[in-house]
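K.L.:
Take this structure first; my questions come after.
The values are calculated or read from the model by the stated rules, or taken from the named source; none is laboratory data. Small disclaimer: the values here were computed from a predicted structure and weren't measured. Note that each Cβ is placed from the backbone with ideal geometry, even for glycine, and that neighbours are counted across all protein chains shown. When the accessible area is computed, the model is the full protein with side chains, heavy atoms only, and any ligands, DNA or RNA have been set aside. Shrake-Rupley method; radii C 1.70, N 1.55, O 1.52, S 1.80 Å.
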Amino acid sequence: MPAYASLLVPYDPEDVGADEAGERLAAIVARLEEIPASTLDAPRTEDPPIEIPVRYGGGGGPDLEVVARERDLAPTDVVRLHAGTTYTVFMLGFVPGFAYLGTLPAELVMPRRSSPRVRVLAGSVGIAGEQTAIYPSETPGGWQLIGRTDLKVWDIERDPPALLAPGTRVRFVPIDR
């Protein structure tokens, strides 16, 4: 399971001892070090980005005006910049299905809210730092909420339950309210 600067490699100590697991992992790393860097920098997929329909602003995006004001932009410019970028899922975390997407255009980089909300609805689209994300379930949260989607990014009945996975490319598509 990839993260920003680490990789979780689970194993069952009943089946493989720690020493053997370490040796196997070291062998994999050695093979990876033989791959040319230019190959690693190439796009991971030729698949088109997943398109996420978003209603920006209004009740589903209560911070759109705040972001626009703080960044000296019109709300339509915030939407244009956010929706005009293809993002990559860096990792999943926080809650199941919460995909950290980047990288936001520099004009939209915003800090987290100084006081997190107790309740953020599933489908809320937020920004914080250089990232954007879709809240997969109702949860507390401190990101700046700029829109909302009806698309379920986490569905326990789906296989796999998470719509987005590390390496997936994503584009947000503005829709009418």
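K.L.:
Residues in the stretch 96-114 that are within 30 Å of R158 (Cα to Cα) and either open to solvent by 30 Å² or more (accessible area, probe 1.4 Å) or in contact with a Cys (Cβ under 9 Å, 6 or more places away or on another chain) (or both): how many?
P.N.:
Total satisfying the criteria: 3.
K.L.:
For the stretch 165-174, state whether one or more residues are crowded, with 17+ Cβ neighbours inside 10 Å, in contact with a strand residue (DSSP E or B) (Cβ under 8 Å, 6 or more places away or on another chain), of a type in the set (S, T, N, Q) and assigned to a loop (DSSP other than H, G, I, E, B).
P.N.:
Checked against the condition, which is being crowded, with 17+ Cβ neighbours inside 10 Å, in contact with a strand residue (DSSP E or B) (Cβ under 8 Å, 6 or more places away or on another chain), of a type in the set (S, T, N, Q) and assigned to a loop (DSSP other than H, G, I, E, B), the stretch 165-174 yields at least one hit.
K.L.:
Let me ask another. Tally time: how many residues in the stretch 55-77 are under 19 Å from G142 (Cα atoms) and either surrounded by 18 or more Cβ atoms within 10 Å (Cβ to Cβ) or in contact with a Phe, Trp or Tyr (Cβ under 6 Å, 6 or more places away or on another chain) (or both)?
P.N.:
Within the stretch 55-77, residues that are under 19 Å from G142 (Cα atoms) and either surrounded by 18 or more Cβ atoms within 10 Å (Cβ to Cβ) or in contact with a Phe, Trp or Tyr (Cβ under 6 Å, 6 or more places away or on another chain) (or both) number 8.
K.L.:
Scan the stretch 19-36 and report the pairs whose first residue is open to solvent by less than 100 Å² (accessible area, probe 1.4 Å) and whose second residue is outside any helix (DSSP H, G or I) and not β-branched (V, I, T), with Cβ atoms within less than 6 Å and a gap of 6+ or a chain change.
P.N.:
Note: pairs meeting the criteria are A21/Y11.
K.L.:
Considering the stretch 134-149 alone, what residues qualify as being of a type in the set (G, A, S) and assigned to a loop (DSSP other than H, G, I, E, B)?
P.N.:
Across the stretch 134-149, the qualifying residues are S137, G142.
K.L.:
While we're looking at this one, here's another question. Do we find that V89 is buried (at least 16 other Cβ atoms within 10 Å of the Cβ), in contact with a Ser or Thr (Cβ under 7 Å, 6 or more places away or on another chain) and at pLDDT below 95 in this structure?
P.N.:
So V89 fits the description; yes.
K.L.:
When the stretch 115-127 is examined, which residues are found to be open to solvent by less than 10 Å² (accessible area, probe 1.4 Å) and either under 15 Å from V170 (Cβ atoms) or touching a Lys or Arg at 6+ places or on another chain (Cβ under 8 Å) (or both)?
P.N.:
G123, S124, V125, G126, I127, listed by residue number.
K.L.:
If you don't mind, there's one more thing I want to ask. List the strands (runs of 3 or more DSSP E) inside the stretch 59-133, counting only whole elements, that have at least 3 residues being within 15 Å of the chain's Cα centre (by Cα).
P.N.:
Where strands (runs of 3 or more DSSP E) fall fully within the stretch 59-133 and carry at least 3 residues being within 15 Å of the chain's Cα centre (by Cα), they are 87-92, 99-102, 124-128.
K.L.:
Which pairs turn up if I take residues in the stretch 41-53 that are of a type in the set (D, E) and look for partners that are at pLDDT 55 or above and in a strand (DSSP E or B) with beta carbon separation below 7 Å, at least 6 apart in sequence or on another chain?
P.N.:
E51/R171; E51/V173
K.L.:
Quick check on this structure: which one of E46, E14, E51, E23 is at pLDDT 80 or above and under 30 Å from G147 (Cα atoms)? Give the derivation first.
P.N.:
Working: E46 fails: at pLDDT 80 or above; E14 fails: under 30 Å from G147 (Cα atoms); E23 fails: under 30 Å from G147 (Cα atoms).
Answer to the selection: E51.
K.L.:
Also, quick follow-up: Would a scan of the stretch 150-159 turn up a residue that is of a type in the set (A, V, I, L, M), in a strand (DSSP E or B) and in contact with a strand residue (DSSP E or B) (Cβ under 7 Å, 6 or more places away or on another chain)?
P.N.:
no
K.L.:
Among the residues in the stretch 39-55, are any assigned to a strand (DSSP E or B) and among the basic types (K, R)?
P.N.:
Yes, the stretch 39-55 contains a residue that is assigned to a strand (DSSP E or B) and among the basic types (K, R).
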